[in-house]
Structures are given as structure tokens and as C-alpha cells.
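Since every read-out is calculated from the coordinates, none of them should be taken as a lab result. Predicted model only: the values in this text are computed from it and were never measured. Heads up, the Cβs are rebuilt from the backbone with ideal geometry, glycines too, and the neighbour counts pull from every protein chain shown.
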Amino acid sequence: MSMSSSFAMSRRSLLLTGAGAALTMVTPWAARPEGVREIRLAARPGQASLVGDSHPQTDVLGYDGKVPGPTLRLKQGELVRIIVENRLDQDTTVHWHGIRLPNAMDGVPGLTQPPIKPGESFAYEFTPPDAGTFWYHPHANSLQQLGRGLAGALIVEESNPLEFDREILWMIGDWRLKRDAQIAAGFGNGMEAAMSGRVGNTVTINGTLPTEEPVRAGERVRLRLVNSALARIMALRFEGHRPVVVAIDGQPCDPHEPEGDRVVLGPAMRIDVVLDMGGEPGRRYRVIDDFYDDLAYTLVQLAYDEKPLGRSTPLGAVVSLPPNPMPMPDLTTAEHHELALQGGMMSGMMMGGNGMNGGMMGGGMMDGGMMGMMGGMGDAAWSINGTSMTGDGHADMQPLLTLKRGRSYVLALRNETAWWHPMHLHGHSFRVVSRNGTPNPRREWGDTVLVPPKKTVDIAFVADNPGNWMLHCHVMDHQMAGLMTVLRVA
Ligand code: C2O
Ligand code: CU
Ligand code: CU
């Protein structure tokens, strides 16, 4: 595609976004500085070697046909234009998960932009205010589009990066594959939607079945973890190592060893850890995911080279990453609201490993919504404060709350269900202020917080970004089946 046609396209896309763009930090077209960094991405079908070369390739949907899509490395505070071309046979959009950007660039179809039709393009423009580990994925037909591979990592580099010997990115995906290595159909199964969501049978790192990660004794690695699964929650245990968490959802936190020595990542969450490779040269150490009882497996092995890294001075303690320019919520004046997460089936049938017959009805149901839900997709299985918004985003979503721009809010996310929910807010990062009434001992920010069954997590933020913002569970089946709402900041 020639430059001129792409420029025409961006201009049209910007016009389409209309008033939204004018309200925001997007520079007007005429005043746009020369030499804005431009990136192109095509959402299109492709093939990926998910399970290795001894198996057939898997038909996927991917950015530039790849799984995961290209890792985008942006600079904090630097304007970027990302032109997304839709070469799928269905509408799409891209959501830049965790980036605090103008509403018109948020990628929610109907709510923040018209969907990108097949054959069309859309120019996203934003200046990432925060450095950290983020990711991008569609927000249209999300269960299928994300579930078939459309996702990529987005790294915003610090202007003064800390020194590490090396950086490693693990974008961890989860797939439900058939014996021929093709992606199993059956997305949006009503039963799963009301339980754990579509947990797969194959976990990949950066798009392939991992075997080993080569490391050297003595090196200090910054490991960026991204959970891009539809539904699988991960709890990583690094045998023989003591990972130090330095950032959660892109936002620096006080460096700490994770609780229970497990790095827990709900879908869409990112955690940066610093790993000092203190193992023995030539040895291997397992990284185990044991989130689900009785279903622990070895994700990958850290494989030590025979030669240690020669280091003249010993490594000091892990220091904090430089903080991002986050507006600090004022807890003394914040307005409080409660969001009750409701619905789903009672637990105890599925993850316990027994079948869905018999036990299911005996297990009971909540909110009387179960029978209606059995009909299939589109029917609500979940709700927030009694209201179910289903799907990926559409024009007529009425905000549950209107927040005053510039004001501090505390939202109590009260999980009344029997299932875990990684709750995600668009357009803002929030502080996790307490869990079940216990104040968080650490400085912790996030954009997605895992709320355990029957527990409450309080989050706080300054509603400083105007627009209509999604708040939803990032278990994709849960979002599609009603665990979603809209907050308006005006
Ligand atoms: Cu990463 Cu609305 O989602
Ligand atoms: Cu998001
Ligand atoms: Cu959920």
C-alpha cells in the first residue's frame, strides 16, 4: 500500500471518530508533527506451529498472520500511529489493553469507534503515558478472535531503563486443540460460559509449546509475563528460584516476593519479575503452573548453560522501577460504589474434574438464570448489580455510573459467585486498596484484578479520562455472557 492511500485512510478514520478525538490528547491533523512513528498491522488468517514441527500447522487468526502478533515496542510519552488493516472476513477492532489513552482510540466497537469492516483500516493514535508491559487484542467477536490467536505484546519502554542483563517476554497462551492440531470449535458453549470459561488443553509461550528457556548462572533477567488466555488462570512456581515482582499490569510496585511463592496471573494480567539466575550451571529447573488443584503441569524448564556469566561485582537488591505519572486517588474524599458480580453456576462440578451430567443440577444454580442461559450464546449467565451487558461492545450501552471527571472513586468489586473473575477497567489504572477489608500492605496498581469467589476487592482511581469506559471480566466467556458494564467519565 502506498503512503498516500494510507494517509487518506487515516484521515478518514479520524473523521469517523469525530467528536471523541477532538476532546482528547490527539493532535489535530494539520498540526501533527512530522515523522510520527507509524506502525502497520494486518489482522488476517495465518498458520502457526503451535505444537511443534512434528505436528500439522494450526490455522489461526493473527496480527500479520502471526501468533502472537508482532511485539510492539513504544516509547513512553511518544506519539505513535498504528494503522490496522482488517483482512478478516468479519468486523474487528483493536484494544490497547492497559494503555491510558483517549477514548476514541480504545477500540470498543459501537462504544468508542465504528467496527473496522473487512477490507478497511483504522488509524489508532495515542501517546502512551506509562511505561510497562501491556498487550493488544480485538474487542469484536472477542471470544473467537482472541481464541483463534489475535493478540500481541505491547511494551512501552522506560525513558531511563533499569539495568538487567537480559529481558525475556513470555506471552502465555492457552488453546483448545484437536488431535490434528486445529483449534476446536464450540466457542461460546453456554455451560462453560456459566462456569470457568473456555480453558484449553495446550499452553504455549510466545506461540509455541515450550520446552526450555536457556539461561546462564549469574545473570539477572527481567521477565515480562503476559497471560493472553481466554480463561486460564496461571500460578507460576519457579523451582529453585525466588522471583521478585517489580510491576503488575505495567505499573511498578514495591519489589516483593509473591505470596506463597507463586506468580498468579489471571487472563489479561501482566507481571514483570526480576529473576536472579542462581541455579547450577548445566542444571534444569522447572517452572510449574499449579493454579488448578490436581492439574499442575510443567510449563517450561529453565535450562542453565554450562558456563556461568562472569560478573565482577555481585548483584545488589532489586530496586523499584521508576513510577509512572499516575494521579493518586484521594481515599479520604473518594466516592464509594459497590459492584456486585452475580450469576454463574455453583462451583464444584467442573474444575473438580467430574462430568457435567448428574452433578450439574444437583450443584444448584444462582439467580435462577441458569435455565435461560442454557440456550446458548447471547443469553446472559452473569450480571453486575443485576444488569447483564453481553457481547463485545455496542452503541446503546447505558453507563451504570457516571463519574465526575477529576474525582476519586473507590469501587468495591464484590464477587457473589462461585468463580474467579479477572475484572478489567478500560482507560484507567487503579490502586488495589484492600482485599476483603484487609488493606493492601503494598503500593499496587493494576488494570485487571483477580477477584476470588465470594471475596471483595476494593479498587481506587481518579476518574481523569473522559468517555465511556468498559469494565468487564476478562474471562472472555464471562464478558460475552453478561459480566460487563460501562462507566462514564464526564
Ligand atoms: Cu483486554 Cu476490554 O479488554
Ligand atoms: Cu482494556
Ligand atoms: Cu469472570
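Of the Cα atoms belonging to segment 399-490, the radius of gyration and Dmax stand at 12.7, 35 Å. Counting only residues at least eight positions apart within a chain, or on another chain, the lysines with an alpha carbon under 28 Å from that of LYS75 are LYS66.
At q = 0.23, 0.25, 0.26 Å⁻¹, what is the base-10 log of I(q)/I(0) for segment 80-173 according to the Debye formula with one equal point scatterer per Cα and no solvent? Please give it to two decimals. Debye intensities relative to I(0), on a log10 scale: -1.23, -1.38, -1.45. Rank THR485, VAL203, ALA193 by how far each Cα sits towards the positive end of the charge dipole of the chain (+1 on Lys, Arg Cβ; -1 on Asp, Glu Cβ) and give me just the farthest. It is THR485, whose Cα lies furthest towards the positive end. Loop-located GluC sites (Glu not before Pro) across segment 138-179 with a Cβ neighbour count of 11 or fewer within 10 Å are GLU163, with loop assigned by DSSP.
Computed over every Cα-Cα pair of the chain and binned at 20 Å starting from 0, the pair-distance distribution P(r) comes out as 24, 59, 17, 0 percent.
For segment 81-98, putting each phi into the Karplus relation 6.51 cos²θ - 1.76 cosθ + 1.60 with θ = phi - 60° gives couplings of 10, 10, 9, 9, 9, 8, 10, 8, 9, 8, 4, 8, 8, 10, 10, 9, 5, x Hz, in residue order, rounded to whole numbers and with x for Gly and Pro. Less than 5 angstrom separates the built amide H of VAL264 from those of LEU236, all sequence-distant by 5 or more or on a different chain. For LYS178, a cut-off of 13 angstrom between C-alpha atoms picks up these aspartates and glutamates, skipping any fewer than 8 places away in its own chain: ASP59. Under the simplified labelling scheme, the PHE164-LYS454 pair shows an inter-label distance of 3.8 nm, with each label point 7 Å from Cα along Cα→Cβ. Measuring r between the beta carbons of LYS75 and ALA317 and using R0 = 25 Å, the FRET efficiency lands at 0.35. Rg/Rh, computed from the Cα trace of segment 233-335 with Rh as the Kirkwood radius, has the value 1.06. Report note on the peptides 467-474, 284-291: ranked by the mean count of other C-beta atoms within 10 Å, highest first, their order is 467-474, 284-291.
For the pair HIS55 and THR333, the difference between a 0.36 nm per residue extended length and the Cα-Cα distance amounts to 94.2 nm. In straight Cα distance, which aspartates and glutamates are under 13 Å from LYS307, not counting same-chain residues fewer than 8 positions off? Hits, sequence-local ones excluded: GLU219, GLU280. Entry for segment 118-247 at q = 0.10, 0.18 Å⁻¹: log10 I(q)/I(0) = -0.44, -1.17, Debye formula applied to identical alpha-carbon scatterers, no solvent contribution. Under the convention that each Lys and Arg Cβ holds +1 and each Asp and Glu Cβ holds -1, the size of the dipole of segment 99-227 around its Cα centre is about 500 debye. Once backbone amide H atoms are built at 1.01 Å from N, LEU74 has ILE155, VAL156, GLU157 as its partners under 5 Å, excluding neighbours fewer than 5 places away on the same chain.
Diffusion coefficient (Stokes-Einstein, Kirkwood radius over C-alpha pairs, 25 °C, 0.890 mPa s) for segment 151-201: 167 µm²/s, rounded to a whole number. Shape descriptor for segment 31-88: Rg over Rh equals 1.15 (Cα atoms; Rh from the Kirkwood inverse mean 1/r).
Provide Rg over Rh for segment 173-246; use the alpha carbon set for both Rg and the Kirkwood Rh (inverse mean inverse pair distance).
1.06
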